[in-house]
Structure formats: C-alpha cells, structure tokens
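Values in this text are rule-based calculations from the coordinates and carry no lab data. What you see is a predicted model, and the numbers here were worked out from it, not measured in a lab. Virtual Cβ from ideal backbone geometry, glycine too; neighbours counted across all protein chains shown.
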Amino acid sequence: MEPLLDKLSSNNDPPSETAIHKVKTYLVTPLQELAEVNSEISQLEERLRSLTEKRDSIQISTNRYIAILSPIRRLPPDILHEVFYHCLSTHRNPIMAASEAPMLLTHVCSSWRTIALSSPRLWAQLHITFCDNYRAFRSRAEKTLQIRCDVVKEWLGRSGTCPLSISL
C-alpha cells in the first residue's frame with residue numbers, strides 16, 4: 001500500500017476507481033482499530049472521572065477527621081494568645097481590616113474568636129486611617145464617623161489595661 005500511497009499523495013490528480021477501492025479496503029482495519037482505541041479511551045476517561053470523584057469524596061471525608069487531629073487544636077489558650085500576638089505586624093500598628101490580625105484571627109473559628117477577643121495585647125495597637133477623598137467622605141461623614149468611633153471604642157475597650165499604641 002505504501003507505494004500507492006506515495007504515488008497518490010505526491011500529486012493532486014484524481015485517483016482511479018481501482019486506487020479508491022484499494023484505499024477504502026486498506027482503511028477498514030485502521031479505522032476499526034481507531035474506533036476501538038477511541039472507545040477504550042472513552043471508557044478509561046469515564047473510569048478516571050469516576051475514580052477522581054470517589055477520591056475527592058474520600059478526601060473531603062478524611063480532611064474533616066485530619067482537621068480534628070491537627071496539633072493546633074490541642075494548644076492551650078495561653079499559647080494561642082502568644083501565637084496570635086506574634087501574628088501582628090512588627091513594622092506598623094494594625095488597621096481595622098478583616099484581612100489582617102487581629103481581626104483576621106476572629107474569623108477563623110469560634111474558639112479562635114473567643115481567644116482573640118480575650119487577648120488584650122492584640123487590641124492595644126491601632127492605626128486609624130482616614131479617607132483621602134474628603135468630598136466622598138463628607139457626603140456620609142456623620143454616619144461613617146459615628147460607626148468608626150464605635151469600632152475604635154470597641155477595639156480599644158478590648159485592650160483592657162494594656163498600654164496603647166495608636167497611630168493616625
């Protein structure tokens with residue numbers, strides 16, 4: 001078949017009826033093999049999808065148990081107080097944002113929230129930011145200022161008798 005294939009593919013002349021018949025006859029076996037391979041690939045892909053789904057389900061189930069065994073769950077609160085304190089930024093006072101300590105620590109789980117809220121040293125530092133755009137701030141200034149004052153009062157109230165470090 002190779003010489004015929006070489007001849008037919010080397011130009012753009014129409015093949016003869018005999019050549020067409022030979023090519024079609026030759027293609028029966030490879031096309032059948034191709035269909036079988038594609039079918040096997042589809043079956044394997046379905047099997048892989050099924051196994052991946054099963055693995056993910058097992059992983060989710062085991063992750064919950066593994067989390068129970070996590071060493072951090074066994075740390076006493078006084079150690080967590082200290083760990084939390086070391087989560088604070090060392091180059092500036094923390095801002096009132098849920099994306100950084102100490103606020104971030106209150107959003108992990110209820111026990112961390114309780115520990116963080118009962119750790120006065122976490123709340124003894126604060127950087128208060130102000131809006132750069134005075135016009136935008138002015139339109140809602142009174143309400144915003146009241147909310148901000150309440151948050152600052154609550155924040156500083158959590159500091160207990162610790163010395164304060166406040167920056168603006």
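In sequence order, the range 29-37 has phi-based couplings of 5, x, 5, 5, 4, 4, 4, 5, 5 Hz under the Karplus curve 6.51 cos²θ - 1.76 cosθ + 1.60, θ = phi - 60°, and Gly or Pro positions carry x.
The convex hull around the C-alpha trace of the range 44-160, projected and averaged over every direction, spans 12.2 square nanometres.
Amide H contacts of residue 95: 127, each under 5 Å away and 5 or more positions distant or on a separate chain (H built 1.01 Å from N in the peptide plane; Pro and chain starts excluded). Taking a Cβ cut-off of under 14 Å around residue 67, the surrounding Lys, Arg, Asp and Glu residues balance to a net charge of +3, with basic ones at +1 and acidic ones at -1.
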